[in-house]
Amino acid sequence: MLVIEAAVESREMESTSGPSSAIVVRVIGIATSAATARRALQTCLVVGTVLNLVNQPEALLGRAEVAPLKLLITYLVPYCVSTYTATIVTMRERARWQTSRNVRE
């Protein structure tokens, strides 16, 4: 889903059958870049901690058992959302830059 949406948003679909392998490589490159990973990690630490405090306060305060899977998912979801958003925004910015560059030529 991420790859297809990024390709559509950046207007780089080569055919209606699906994204080209070059687009997939670009999307993966953006999603796994150090800058994207760093921002996603910062976001998941802040948002995940707040969500865990809201969802498992008794467990985090030592009054109940911590649900490890719930804890992991609560950090993983903000990381994925942040990575997805950064990838889509970067693809859009690159498409706009390419479009404006083509118009000037």
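The values are calculated or read from the model by the stated rules, or taken from the named source; none is laboratory data. This structure is a prediction, so every number in the text was calculated from the model and none was measured. Positions of Cβ are generated from backbone atoms using ideal geometry, with glycine treated the same way; all protein chains shown enter the neighbour counts.
Run LEU60 past the list (1) modelled with pLDDT of 95 or more; (2) surrounded by 14 or more Cβ atoms within 10 Å (Cβ to Cβ) and report the number of the one that doesn't hold.
Failing condition for LEU60: (1).
So which helices (runs of 4 or more DSSP H) are wholly in region 16-105 and hold at least 1 residues that are under 15 Å from the mean Cα position of the chain (by Cα)?
21-31, 34-55, 68-104
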